[in-house]
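Undergrad: Handing you this structure, nothing more for now.
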Amino acid sequence: MAKKSRPSLSLSHFVGVVVFSLFFVPKSVLGVKQELRFGKNGEFKILQVADMHFADGKTTPCLDVFPNQMPSCSDLNTTAFVERMIQAEKPDFIVFTGDNIFGFDATDAAKSLNAAFWPAIESNIPWAAVLGNHDQDSTLSREGVMKHVVGLKNTLSQVNPAEAHIIDGFGNYNLEIGGVKDSCFENKSALNLYFLDSGDYSTVPAIPGYGWIKPSQQLWFQRTSAKLRRAYMRQPEAQKGPAPGLVYFHIPLPEFASFDSSNVTGVRQEGISSASVNSGFFTTMVEAGDVKAVFTGHDHLNDFCGELTGIQLCYAGGFGYHAYGKAGWSRRARVVVASLEKTEKGGWGAVKSIKTWKRLDDEHLTAIDGQVLWSRSRAGVRRKKQVGDAE
């Protein structure tokens, strides 16, 4: 009996297998939920990357840099900046807040997405992403882009929550950050992260401009926030109020226009490109009572944080080199650190403060605009003052 010969594998087949294993999670482990929790130092650090506008890599030119930078500047400068930030800050988690690729200039959406997120994938740091208004302008729809992202390694992104049978957009989900291992908060979510799809453009003919967060998304947010509050205020270690929440999406809310240079940390150098209608999501967050800060992108020349009705509204500032910017005004990223309080027994308890700063893509990765976004002690003083005013 003749011995059967084994089929030969071509180089292209081998390369395809290698690429798949580098970028994608095997389906057998897609159901495994990665655990996020505070470190033994009582901190949880988040790196926000806004508006990478990645396209085709080294052949894609930079925008709004000095003429002498143009010959050597490309998407690879964006990749290098992500890598520098990861190395410098060593974040526990990375959030990409939309316009991750610039679809109009991306020949192959899947390849561009793989390359854009590669530094996060390679770092083995958990990461998540939401969509902007340009991610779908290549060879994948918005749903297709989000499904591709969800299949990449180390991501905790979700297409949409399983419990929400009807919800607008793609990329609405939440993540819970557990307390320190072996602490009294080990089985509680000490910090809650919400991610929403702020859409791309209005689908209502009579309403021009950008998209907005729809009622179905707000209903999901309200129910999720209420569920997390109930869990946090139950025994063991029942708390008197909700755990703090942070919200990430791409297009800023109309309320971002409430600020000028006198009442923000950072700069406002362009108009607020929000939807032309107010969908009421800011009010929804205020009513929920747990949200302490919102983080967006979209307007690349704005990088401020301003507080309105107890919620910090923050831009990250433009990150990507194939995105519009301003020559001489460095690309930048935002870092947020939540810190836990020490308990009477010396362990770690609830979140006591949330701080932020930005880093510039200059020679020294200069840190600027450090500020406290929220602190438990300051919130307590504000509540006491409100009670006193009422009396």
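The values are calculated or read from the model by the stated rules, or taken from the named source; none is laboratory data. This is a predicted model, so every value here is computed, not measured. FYI the Cβ positions are ideal-geometry reconstructions off the backbone, even for glycines, and counts take in every protein chain you see. The accessibility values were calculated without ligands, DNA or RNA, using every heavy atom of the protein model including side chains. Shrake-Rupley method; radii C 1.70, N 1.55, O 1.52, S 1.80 Å.
Undergrad: Are any residues in the range 225-270 over 17 Å from I311 (Cβ atoms) and polar (S, T, N, Q), and if so, which ones?
TA: Taking the range 225-270 as the starting set, the residues that turn out to be over 17 Å from I311 (Cβ atoms) are 226-227, 230-240, 250, 260-262, 267-270.
Scanning the range 225-270 gives Q235, Q239, S261, S262, Q269.
Undergrad: How many of the residues making up the range 204-241 are within 30 Å of T343 (Cα to Cα) and free of Cβ contacts under 8 Å to residues at least 40 places away in the same chain?
TA: Residues flagged as within 30 Å of T343 (Cα to Cα) and free of Cβ contacts under 8 Å to residues at least 40 places away in the same chain within the range 204-241 amount to 7.
Undergrad: Applying the selection to the range 285-307, what residues are farther than 21 Å from H322 by Cα, open to solvent by 10 Å² or more (accessible area, probe 1.4 Å) and of a type outside the set (K, R)?
TA: Residues satisfying the conditions are V286, E287, A288, G289, E307.
Undergrad: Right, next: Residues of the range 73-96 being touching a Cys at 6+ places or on another chain (Cβ under 9 Å) and over 25 Å from F195 (Cα atoms), which ones?
TA: C73, S74, D75, N77
Undergrad: Would you pick out the residues in the range 33-78 that are open to solvent by 60 Å² or more (accessible area, probe 1.4 Å) and outside any loop (DSSP other than H, G, I, E, B)?
TA: Correct list: E43, K58, T59, P61, P67, N68, Q69, M70, P71, S72, L76.
Undergrad: Quick one: in the range 79-105, which of the residues that are closer than 26 Å to S138 by Cα, assigned to a helix (DSSP H, G or I) and not β-branched (V, I, T) is most open to solvent (accessible area, probe 1.4 Å)?
TA: Just the residues of the range 79-105 that are closer than 26 Å to S138 by Cα, to begin with: 79-83, 94-105.
Then drop every residue that is not assigned to a helix (DSSP H, G or I), which leaves 79-83, 103-105.
Narrowing the set further to residues that are not β-branched (V, I, T) leaves 80-81, 83, 103-105.
On the way: A80: 42, F81: 1, E83: 80, G103: 2, F104: 132, D105: 67 Å².
Looking at residues that are closer than 26 Å to S138 by Cα, assigned to a helix (DSSP H, G or I) and not β-branched (V, I, T), I get F104.
Undergrad: I've got another one for you. Quick one: in the range 222-278, which of the residues that are of a type in the set (G, A, S), open to solvent by 30 Å² or more (accessible area, probe 1.4 Å) and assigned to a loop (DSSP other than H, G, I, E, B) is nearest to I94 (Cα to Cα)?
TA: Ranking the candidates gives S273 first.
This table checks each residue for (1) among the hydrophobic types (A, V, I, L, M, F, W, C); (2) open to solvent by less than 40 Å² (accessible area, probe 1.4 Å); (3) farther than 26 Å from C62 by Cβ.
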residue: T107; (1), (2), (3): no, no, no
residue: S112; (1), (2), (3): no, yes, no
residue: F117; (1), (2), (3): yes, yes, no
residue: N124; (1), (2), (3): no, no, yes
residue: S141; (1), (2), (3): no, no, yes
residue: V145; (1), (2), (3): yes, yes, no
residue: L152; (1), (2), (3): yes, yes, no
residue: L156; (1), (2), (3): yes, yes, yes
residue: P161; (1), (2), (3): no, yes, yes
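Undergrad: Working only within the range 168-185, note down all residues that are part of a loop (DSSP other than H, G, I, E, B), surrounded by fewer than 20 Cβ atoms within 10 Å (Cβ to Cβ) and in contact (Cβ under 8 Å) with a residue 24 or more places away in the chain.
TA: The initial filter retains those residues of the range 168-185 that are part of a loop (DSSP other than H, G, I, E, B), namely 168-172, 179-185.
Pick out the ones that are also surrounded by fewer than 20 Cβ atoms within 10 Å (Cβ to Cβ) and you get 181-182, 184.
K181, C184, listed by residue number.
Undergrad: Next question, about the same structure. Please count how many residues of the range 314-363 are buried (at least 22 other Cβ atoms within 10 Å of the Cβ) and free of Cβ contacts under 8 Å to residues at least 40 places away in the same chain.
TA: 1
Undergrad: Taking A88 as the residue in question, decide whether it is among the small types (G, A, S), farther than 17 Å from A333 by Cβ and modelled with pLDDT of 95 or more.
TA: Criteria not met by A88.
Undergrad: When the range 242-270 is examined, which residues are found to be under 13 Å from D299 (Cβ atoms) and without any contact (Cβ under 8 Å) to a residue 24 or more places away in the chain?
TA: Within the range 242-270, A257 is the sole residue that qualifies.
Undergrad: Let me ask something else about it. Here is a check on your reading of the model: is S273 of a type in the set (S, T, Y) and farther than 30 Å from A367 by Cα?
TA: Criteria not met by S273.
Undergrad: So which of A379, A350 ends up being more than 24 Å from F66 (Cβ to Cβ), among the small types (G, A, S), out of contact with any helix residue (DSSP H, G or I) (no Cβ under 6 Å at 6 or more places or on another chain) and not in a helix (DSSP H, G or I)? Give the steps one after another, and end with the answer.
TA: Details: A379 fails: not in a helix (DSSP H, G or I).
Result of the check over A379, A350: A350.
Undergrad: Do we have any residue at all in the range 375-387 that's among the hydroxyl-bearing types (S, T, Y), closer than 25 Å to R268 by Cβ, modelled with pLDDT of 95 or more and more than 19 Å from the chain's Cα centre (by Cα)? Even if it seems obvious, please write down each step before you answer.
TA: Filtering the range 375-387 for residues among the hydroxyl-bearing types (S, T, Y) gives 375, 377.
Now drop any that are not closer than 25 Å to R268 by Cβ, which leaves 375.
In the following step, the residues that additionally are modelled with pLDDT of 95 or more were identified as 375.
From what's left, more than 19 Å from the chain's Cα centre (by Cα): 375.
Yes, the conditions are met somewhere in the range 375-387.
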